[in-house]
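The values are calculated or read from the model by the stated rules, or taken from the named source; none is laboratory data. All values derive from a computational prediction rather than experimental measurement. Neighbour counts run over all protein chains shown; Cβ positions are idealised from the backbone, glycine included. Ligands, DNA and RNA are stripped out before the accessible areas are found, and what is left, the full protein with its side chains, is counted by its heavy atoms. Shrake-Rupley method; radii C 1.70, N 1.55, O 1.52, S 1.80 Å.
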2 protein chains.
Amino acid sequence: MRLVVARCQIDYAGRLTAHLPMATRVLMLKADGSVLVHSDGGSYKPLNWMSPPCNLTEGTAEDGRVEWKVTSRTDDTLRILIEEIHHDSSHELGIDPGLQKDGVERHLQELLAEHPATLAPGLTLVRREFPTAIGPVDLMCRDAGGASVAVEIKRRGEIDGVEQLTRYLELLNRDPLLTTNGAVRGIFAAQAIKPQARVLAEDRGITCAVVDYDALRGLDNAEDRLF
Amino acid sequence: MRLVVARCQIDYAGRLTAHLPMATRVLMLKADGSVLVHSDGGSYKPLNWMSPPCNLTEGTAEDGRVEWKVTSRTDDTLRILIEEIHHDSSHELGIDPGLQKDGVERHLQELLAEHPATLAPGLTLVRREFPTAIGPVDLMCRDAGGASVAVEIKRRGEIDGVEQLTRYLELLNRDPLLTTNGAVRGIFAAQAIKPQARVLAEDRGITCAVVDYDALRGLDNAEDRLF
DNA sequence: AAGTACATCTCGGGC
DNA sequence: GCCCGAGGTGTACTT
């Protein structure tokens with residue numbers, strides 16, 4: 001890992017072309033040849049970058065200034081014209097053990113699979129990740145009357161989630177095996193549901209369910225204490 | 001901008017929880033309080049980060065080691081336990097003039113607006129960015145028979161683009177002024193169209209058009225040479 | 001401030 | 001390898 005602080009001008013050409021006027025920035029040169037250009041603000045996204053695998057060659061521009069050229073295998077190029085280097089240091093980092101993540105949509109799905117009745121009284125689980133031709137339905141359930149219920153789970157309930165569930169319902173309702181006890185209903189479950197998504201869902205006869213993540217975890221813990 | 005290379009362990013808690021075991025990494029501390037944790041590989045995305053606005057406080061853990069706590073207004077926290085600092089430097093960067101981008105979907109739209117007949121024979125442009133209640137239609141055209149044609153342009157044709165065009169078509173077909181010469185048709189134009197998007201589009205009577213960007217630019221250049 | 005669409009998205013999983 | 005969905009998405013633009 002090489003860290004450079006320099007006054008530089010940058011031109012990228014690839015899927016698009018982009019230009020950064022001369023200014024002082026941080027250049028992060030990683031061991032795999034990739035390059036990140038950061039300013040002193042914004043979020044984690046660099047102003048400009050080159051993804052690995054790529055190759056950096058140091059050269060000289062026509063006017064004698066230092067010029068770095070980063071090229072990828074797909075003919076993307078990043079040209080860094082350097083006017084002044086304020087800092088330049090290299091560091092041995094070693095291989096990173098990597099990130100351990102926990103608890104996202106998957107966990108919400110597990111909790112709801114264990115407690116389907118919190119979505120609607122009498123609801124029971126048929127199976128998680130119920131396969132269809134256009135992808136798996138998060139939870140396939142049955143209600144008290146024996147009718148099939150497809151549940152789509154999202155952390156945040158937005159319009160595209162409703163569209164997704166609608167596509168599943170269209171498909172599922174063509175299957176005579178699923179509709180023997182009436183049409184397949186849909187439940188859109190999320191920790192929070194945006195107003196527009198709610199309107200669209202209700203317009204399509206889909207039930208909205210706001211899920212309380214902490215309460216669900218509480219149910220789990222309560223059961224754990226019983227055993 | 002402060003650059004730190006340190007052996008550290010990191011715990012994030014927010015919308016999810018994540019853990020990074022003790023290892024040597026680069027910590028980038030920006031002027032707005034945001035923090036990025038990078039390893040010596042991967043793409044531009046940091047292993048972990050905190051987005052602005054946020055606040056960094058330096059403290060001491062129970063065992064006496066240095067501990068940084070970064071907190072956001074939404075109660076996300078990033079805890080950085082530092083074992084050894086290999087490098088620590090600060091730099092004045094100033095405000096960045098910002099990135100100038102050129103040529104993406106916009107350029108494709110301009111080219112197709114100039115050459116609508118490449119999408120379907122006899123197609124003529126009515127207007128770009130045709131306004132509707134739910135947003136602008138990329139291109140509104142008329143075919144040889146005088147019927148309206150709505151064109152949605154994407155660099156990559158995926159399902160959500162078909163959904164978007166479908167919503168437009170539903171709305172446009174309620175307008176008697178547009179349907180005097182028959183129902184409004186849809187053309188889904190993209191440099192590449194994913195199989196699932198193609199199936200969905202055709203199922204809804206939407207025509208798919210694969211656009212050759214280079215050939216379109218060629219048409220433009222040929223015309224330029226004439227004048 | 002909220003909603004929408006785009007991104008040189010990145011990243012992981014499935015086939 | 002491609003395809004597809006999720007993201008602590010970020011980002012720009014509109015309402």
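For region B:81-124 versus region A:96-143, the inter-centroid distance based on Cα atoms is 37 Å. Sequentially through region B:128-144, phi angles give Karplus couplings (6.51, -1.76, 1.60; θ = phi - 60°) of 7, 6, 5, x, 9, 5, 10, x, x, 7, 3, 10, 10, 10, 10, 8, 4 Hz, Gly and Pro residues having no value and appearing as x. With a ≥ b ≥ c taken as the square roots of the eigenvalues of the C-alpha gyration tensor of region B:105-226, please select rounded if a/c is under 1.5 and otherwise prolate if a/b is larger than b/c or oblate if it is not? Because a/c hits 1.5 or more and a/b fails to exceed b/c, region B:105-226 counts as oblate.
Which of A:172, A:216, A:20 moves most in a GNM of chain A, Cα contacts under 10 Å? Maximum fluctuation in the GNM of chain A, among the listed residues, is at A:20.
Counting Cβ atoms of other protein chains within 10 Å of each residue's Cβ and taking the mean over peptide B:13-21 gives 4. With label points defined 7 Å past Cα in the direction of Cβ, position residue A:53 shows copy-to-copy spacings of 4.6 nm, given to one decimal and shortest first. May I ask which of A:45/B:101; B:45/B:69; B:45/B:101; A:194/B:194 have a Cα-Cα span longer than 26 Å here? Long pairs (Cα-Cα over 26 Å): A:194/B:194.
Largest mean-square fluctuation among B:149, B:66, B:199, in a Gaussian network model of chain B whose springs join Cα atoms under 10 Å apart, belongs to B:66. Reported to the nearest whole Å, the Cα centre-to-centre distance from region B:45-62 to region B:153-183 is 46. Phi angles of region A:187-201 translate, via the Karplus equation with coefficients 6.51, -1.76, 1.60 and θ = phi - 60°, into HN-Hα couplings of 10, 9, 10, 7, 5, 8, 10, 5, x, 5, 5, 5, 4, 4, 4 Hz per residue; Gly and Pro are given as x. A DSSP coil position with no more than 11 other Cβ atoms inside 10 Å describes the following trypsin sites (Lys or Arg not before Pro) in region B:58-155: B:73. For region A:105-226, the solvent-accessible area with a 1.4 angstrom probe is 51 square angstrom per residue.
For residue A:126, the residues whose modelled amide H falls within less than 5 Å of its own, excluding neighbours fewer than 5 places apart on the same chain, are A:140, A:141, A:142.
Only the Cβ atoms of Lys and Arg (+1) and of Asp and Glu (-1) were treated as charged; on that basis the dipole of region B:2-90 about its Cα centre amounts to roughly 320 debye.
With both labels modelled 7 Å from their Cα along Cα-to-Cβ, the residue A:106 to residue A:127 distance reads 2.0 nm. Of the GluC sites (Glu not before Pro) found in region B:1-80, those that fall in a DSSP loop while having at most 14 other beta-carbon atoms within 10 Å are B:62. Counting only other chain Cβ atoms within 10 Å of each residue's Cβ, the peptide B:40-51 averages 6. Each residue of region B:22-30 was assigned a 3J(HN,Hα) from its phi angle through the Karplus curve 6.51 cos²θ - 1.76 cosθ + 1.60 (θ = phi - 60°); the sequence is 4, 6, 8, 9, 9, 10, 10, 10, 8 Hz, with glycine and proline shown as x. The sum of -39500 (n - 2.57) across all DSSP H runs of n ≥ 4, divided by the residue count of chain B, sets its helix-only mean residue ellipticity at 222 nm to -6500 deg cm²/dmol. Assuming a ≥ b ≥ c are the square roots of the Cα gyration tensor eigenvalues, decide whether chain A counts as rounded (a/c under 1.5), prolate (otherwise, with a/b larger than b/c) or oblate. Prolate.
Electrostatic tally near residue A:134: other residues with Cβ closer than 10 Å to its Cβ, Lys and Arg +1, Asp and Glu -1, net 0.
Amide H contacts under 5 Å for residue B:5: B:27, B:86, B:87, B:88, restricted to partners 5 or more places along the chain or on a different chain, H placed in the peptide plane at 1.01 Å from N. Given the options B:179, B:74, B:166, state which has the largest fluctuation in a GNM of chain B using a 10 Å cut-off (strictly under) for Cα springs. Most flexible of the set in this elastic network: B:74.
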